[in-house]
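Undergrad: I'd like to ask you about the structure that follows.
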Amino acid sequence: MDGTNILGLLVASVAIGVAILHLKQEAEPVADFFRALMAIAMKITTWVVRLSPIGVMFLVAHEVIKMEDLGTVIGSLGKYFGTVVVGLAIHGFLVLPTIYFLLTRKNPYTFIGQMSEAITTAFGTASSSATLPVTIRCLEDNVGVDKRIARFALPIGSVINLDGTALYEAVAAVFIAQMRDVDLNVGKLIVITITATAAAIGAAGIPQAGAVTMIMILNTLGLPATDISLIIGVDWLLDRCRTAVNVMGDSFGAAIVAHRSQKELARTTETRRTSRSNARKISVLGQAQIFVDT
């Protein structure tokens, strides 16, 4: 396959990350380097996203000029849009609630209602990072999740649990490949699934970050990055939908962890109380001994 070996690059990146994790202190300088590189990449990505409307205008105009049958393309784009929306709806309102119910035996739709402010904020901002404070507040105040779980699980989930983004990228890759008459055998579909999942992990929590990571998947299929212009015209709305599903997935995950960790949380709380009580007793006894000695 011509071009960059994205899948190989992802595998190598995971291997390097695992090695750094095991080496700990010895690899700390390398870890600091990658953290700084990540921050730089995110800043550049933010600049690109802010300037993207100008580039998108010309990309879409170029694709429209090349189209011989505009009506057919628009019809196909409508089917693509509907497929993504239906897929996100099934995942957000059927798959995730079913998993939540099976693991907690609680009403998942009551939970969705309690998290409605976070979900609507995610739809409005198209940014899971910007929604994070609202998500934490809803989970702690409305659902009653322990803050130790909410403030640990949600920030991690907002970075690695982008299930809505992974679903969108897989469907988008298949759509673009079909529009370019690329034959998708079972092997290529598996590659799309793996690459879409890997690309979604760690994607920036900013608007239209999924469109940026889509380039990796297109390169894996041997398609030019400019083919993203086929879908970029409707991406602004799909971005909001998938961000809402991302936040729902993070919230369900944190709530499930909290439910399954109730005994551990209670045990930890009791241990802390006992330690504080013993510390106070020792302090009082110490002060009393000092008073007696004087």
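Undergrad: Please verify whether the stretch 139-157 includes one or more residues that are part of a helix (DSSP H, G or I), touching a residue at least 24 places away in the same chain (Cβ under 8 Å), in contact with a His (Cβ under 9 Å, 6 or more places away or on another chain) and not basic (Lys, Arg).
TA: No; the residues of the stretch 139-157 include none that is part of a helix (DSSP H, G or I), touching a residue at least 24 places away in the same chain (Cβ under 8 Å), in contact with a His (Cβ under 9 Å, 6 or more places away or on another chain) and not basic (Lys, Arg).
Undergrad: Another question about this same structure. Within the stretch 216-251, which residues are part of a helix (DSSP H, G or I) and under 17 Å from residue 57 (Cα atoms)?
TA: Listed by number, the residues that qualify are 225, 226, 227, 228, 229, 230, 232, 233, 234, 235, 236, 237.
Undergrad: Name the single residue that is farthest from residue 84 (Cα to Cα) among those in the stretch 211-230 being crowded, with 20+ Cβ neighbours inside 10 Å and of a type in the set (Val, Ile, Thr).
TA: Applying the filter and picking the extreme gives 220.
Undergrad: If you don't mind, there's one more thing I want to ask. Just give me the residues in the stretch 158-184 being of a type in the set (A, V, I, L, M, F, W, C) and not in a helix (DSSP H, G or I), in sequence order.
TA: Selection gives 162, 182, 184.
Undergrad: Please work out which residue is farthest from residue 251 (Cα to Cα), limiting yourself to the stretch 124-143 and to residues that are β-branched (Val, Ile, Thr) and under 14 Å from the mean Cα position of the chain (by Cα).
TA: 131
Undergrad: Name every residue in the stretch 122-154 that is more than 19 Å from residue 96 (Cβ to Cβ) and not small (Gly, Ala, Ser), in order of residue number.
TA: 125, 133, 137, 140, 141, 146, 147, 148, 151, 152, listed by residue number.
Undergrad: Then there is this: Do we have residue 165 as surrounded by fewer than 22 Cβ atoms within 10 Å (Cβ to Cβ) and either at pLDDT 95 or above or among the β-branched types (Val, Ile, Thr) (or both) here?
TA: no
Undergrad: Please work out if residue 111 is under 13 Å from residue 248 (Cα atoms), part of a helix (DSSP H, G or I), of a type outside the set (Asp, Glu) and in contact (Cβ under 8 Å) with a residue 60 or more places away in the chain.
TA: Judged against the criteria, residue 111 is a match.
Undergrad: Name the one entry in 267, 272 that is part of a helix (DSSP H, G or I), at pLDDT below 80, surrounded by fewer than 19 Cβ atoms within 10 Å (Cβ to Cβ) and on the phi < 0 side of the Ramachandran plot.
TA: Of 267, 272, the one residue that is part of a helix (DSSP H, G or I), at pLDDT below 80, surrounded by fewer than 19 Cβ atoms within 10 Å (Cβ to Cβ) and on the phi < 0 side of the Ramachandran plot is 272.
The values are calculated or read from the model by the stated rules, or taken from the named source; none is laboratory data. In this text the structure is predicted, and so the values were computed from the model without any measurement. Positions of Cβ are generated from backbone atoms using ideal geometry, with glycine treated the same way; all protein chains shown enter the neighbour counts.
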